[in-house]
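The values are calculated or read from the model by the stated rules, or taken from the named source; none is laboratory data. Predicted, not measured: the structure shown is a model, and the values here were computed from it. Here Cβ is always computed from backbone atoms with ideal geometry, including for glycine, and neighbour counts include all displayed protein chains.
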Amino acid sequence: MTRFLVKRLIGLFFILLGVTFITFILGYFAPGDPIKESMGDHFNPVLWQQLRHSYGFDLPWYQQYLAFLVRLSHFDLGTSFHPQQRAVWDILKDGVPISVELSLWGTIVMLMMGIPLGIITALKANTWIDTLSMGASLILYALPSFILAVFVQVLVLWIDKSGVGWPVSGWGTPWSYDWSNIQYKIVPILTYGLAGYAYYARLTRTTMLDVLRQDYVRTARAKGLHENIVIYRHALRNAVIPLITAIGLLLGLLVTGSFFIENIFSIPGIANITVAAVSQRNYPVIQATTIMVAIGVVVGNLFSDVLYGIVDPRIKSE
Amino acid sequence: MGKDEKEFTATAPDTSILEIGCAPAPEILGLDTLDGPALAEDTPAEIAASHEGQGRSASPLQQQSSKKHPSPFGASMQQFRRDKRAMISLSVLIFLILLALFGPPIYQHIGAVYPSDLQGNIGPAVYHTYDHQELSKSSQGPSAQYPMGTDTLGEDMLARLMQGLLISLTVAFLVEVVDVGLGVTVGVLAGFYGGWIDTLLARFTDLIFAFPGLLFAILLSGIFGPTANDYFTRLPLIGPFLGNGNASLVIVSVALALVSWPMMARFVRGQTLQIRQQQFIEAARISGTRDIYIMYKHIVPNLFNIVIVTSTMNIAGTIIGEAGLSLLGLGVVHPGSSLGLMIADGMDNLDLHPWNTLFPTIILTVIVLAISFIGDGLRDAFDPRSRD
């Protein structure tokens, strides 16, 4: 296990190095001069030179990259172009809690919907419940989150035509849950869950069906165990293994999925910060968010691998 | 009922992904690829004999039996044709493609002459174009002049929808050309030779998997999009087609192709590894066939199944990706049209004119579902594992 972990951690380091290199080089070769643009009409060659120097743009690329890495290793994400000289951390710190909150609750909703539905449909395989639920998840699985978000928003507006003025954009205060905040949060969170649950429902159903066909389940039934014990203790435990890995693997999808949900519902999270930064060519912010997302995905993958080894000890020996 | 069950068992995750030590996140690209047939443990002769190219390489026994029964390829096609959902989806898709290609020229000949704000009286050749603005007629409902109404700038919704459809399909096509070309080339080389190509591919896919594909596409099109727009508009021959805000579709295609080909390469590599061990390759080698000829004549034709299934699945992801980028304002921009851009444009007036958003969303839903269902049908028909 230790060897495996060390190996994976080394691999992770190189992957992150690659990610930082890609983000750096994209920013380096990008057309346009962000400093000139941010100065706009007040262009002043002397100030321009000073700013270039203070951002380190007058150095050759490898020195810039090295300096970038050194700053990163001190968790210093640099200063933003737009607004000028504001620390990148300062810009991100408003958005990150919101995005984390959305993904966290969204994932919980997703699992709470997907796994029970998968179990139910597996137990009721080939009945109308199964057909109906799997038909729905087949469609939801194929559709991207932003299509669902649009439909949900239209639906909310339509239901609420003469009513209380349910908000369909914005987020409220992060991590506080009084009624007006819940009003903001519940629709995006449910949409998030709806966009992702189908994958889990389908996966749970498949693995459950596989496990239910195993001999030991028949044995458990044959010796007269209660059906609940057979299902929840014998079958579900084994069916849960692929689900655990899937959670880690899906992280990347979740991140981009929440990008669109944040955009459609105008939630001021990390996605909107990134998109705004991209259109303003605010490279320090772009680099910071990209690296953060990549770290999240890589760590998620590692986490699911480790968890996989814990749940299924056979993996460890390999 | 039995068929229904088959579809979903095909999504069982393949743990052999982890055993081989590949980066374990195909889902990141938004593809349904965990169940990719590449890593199937069984290598039935069906794979080997799945295409016309198999004639010389298949065993005599199979050649004999293929006279009585349809060839494996024919059998797969037969099964695909029996799949009602896939066939309906295919006809919908063909209709949409025809609509995108031939709809606009026909549409520009339909309609009476109407007065315009600035140009006097204009015919359908003017007001039925996707970029003609008629500000006094903005946000209208359906009328004789505009069958599907107008958007907030007074542009014809139907013309914009057809143009957006064309953009979606063009991007899907461009991306798929690169995806298949690059993916098959690198995949076959990596699988056939192993060595440094294989290592490089593995590292590169690891990197791409760690980098959510769409985020990379966002970066690339956000940073290079505006410049590309200026650049392509100035080009002599293709400028008129690519200008008008459509230039970013090239950037978007490049970005989406860059993040999608490693997946294809990895699947092709897995399949090549299996085919390479088969006896007909050995026989070809012993008889002194050159490597390049073995790859081109014996391996590539046998990759048909996996390539067709993977690329169909990928097309859905590409169309979603293009719409998503345009939705974020990083893809096609005004006065060009794209389904994603139309959705974004309509979002501001969702409470007053929901149809401006709903029309493109519905079209996008239909096209994505159709392609996914065709992909499912192809997988059921061409993936030997899911066949009885």
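Before moving on, here are some points about what is shown:
- In segment B:172-207, the residue that is modelled with the highest pLDDT out of those that are among the hydroxyl-bearing types (Ser, Thr, Tyr) and closer than 19 Å to B:Ile281 by Cβ is B:Thr185.
Table: residues versus (1) among the aliphatic types (A, V, I, L, M); (2) within 11 Å of chain B (Cβ to nearest Cβ); (3) touching a Gly at 6+ places or on another chain (Cβ under 8 Å); (4) assigned to a helix (DSSP H, G or I).
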{"site": "A:Leu148", "(1), (2), (3), (4)": "yes, yes, no, yes"}
{"site": "A:Gly172", "(1), (2), (3), (4)": "no, no, no, no"}
{"site": "A:Thr219", "(1), (2), (3), (4)": "no, no, no, yes"}
{"site": "A:Leu225", "(1), (2), (3), (4)": "yes, no, no, no"}
{"site": "A:Ile229", "(1), (2), (3), (4)": "yes, no, no, yes"}
{"site": "A:Ala235", "(1), (2), (3), (4)": "yes, no, no, yes"}
{"site": "A:Leu243", "(1), (2), (3), (4)": "yes, yes, no, yes"}
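- Test: A:Leu92 is touching a residue at least 60 places away in the same chain (Cβ under 8 Å), among the hydrophobic types (A, V, I, L, M, F, W, C) and farther than 30 Å from A:Ala239 by Cβ: yes
- Scanning segment B:119-136 for residues that are out of contact with any helix residue (DSSP H, G or I) (no Cβ under 9 Å at 6 or more places or on another chain) and not small (Gly, Ala, Ser) gives B:Asn121, B:Ile122, B:Val126, B:Gln133, B:Leu135.
- Being more than 30 Å from B:Val300 (Cβ to Cβ) and in a helix (DSSP H, G or I) is a property that B:Ala202 lacks.
- Hey, B:Ile319 under 20 Å from B:Gly222 (Cβ atoms) and modelled with pLDDT of 85 or more or not: yes
- Flag if B:Tyr114 is crowded, with 18+ Cβ neighbours inside 10 Å and farther than 26 Å from B:Ala172 by Cα: no
- Some residue of segment A:1-13 being away from every other protein chain (no Cβ under 11 Å) and either among the polar types (S, T, N, Q) or part of a loop (DSSP other than H, G, I, E, B) (or both): yes
- Residues that are outside the structural domain of A:Leu16 (by TED's automatic domain parsing) number at least 2 in the following helices (runs of 4 or more DSSP H) confined to segment A:60-145: A:88-123, A:128-142.
- On inspection, A:Trp179 does not qualify as more than 30 Å from A:Gly135 (Cα to Cα) and within 12 Å of chain B (Cβ to nearest Cβ).
- Yes/no for A:Val168 being in contact with a Phe, Trp or Tyr (Cβ under 8 Å, 6 or more places away or on another chain), within 9 Å of chain B (Cβ to nearest Cβ) and among the aliphatic types (A, V, I, L, M): yes
- Residue selected from segment A:112-125 under the condition over 18 Å from A:Glu227 (Cβ atoms) and within 14 Å of another protein chain (Cβ to nearest Cβ), by the criterion surrounded by the most Cβ atoms within 10 Å (Cβ to Cβ): A:Gly114
- Each residue in segment B:329-385 was checked for being modelled with pLDDT of 80 or more, over 20 Å from the mean Cα position of the chain (by Cα) and facing chain A (nearest Cβ under 7 Å), and 3 pass.
- B:Gly329 vs. criteria in contact with a helix residue (DSSP H, G or I) (Cβ under 7 Å, 6 or more places away or on another chain) and on the phi > 0 side of the Ramachandran plot: yes
- In segment A:132-146, the residue that is surrounded by the most Cβ atoms within 10 Å (Cβ to Cβ) out of those that are more than 14 Å from A:Thr191 (Cα to Cα) and within 7 Å of chain B (Cβ to nearest Cβ) is A:Met134.
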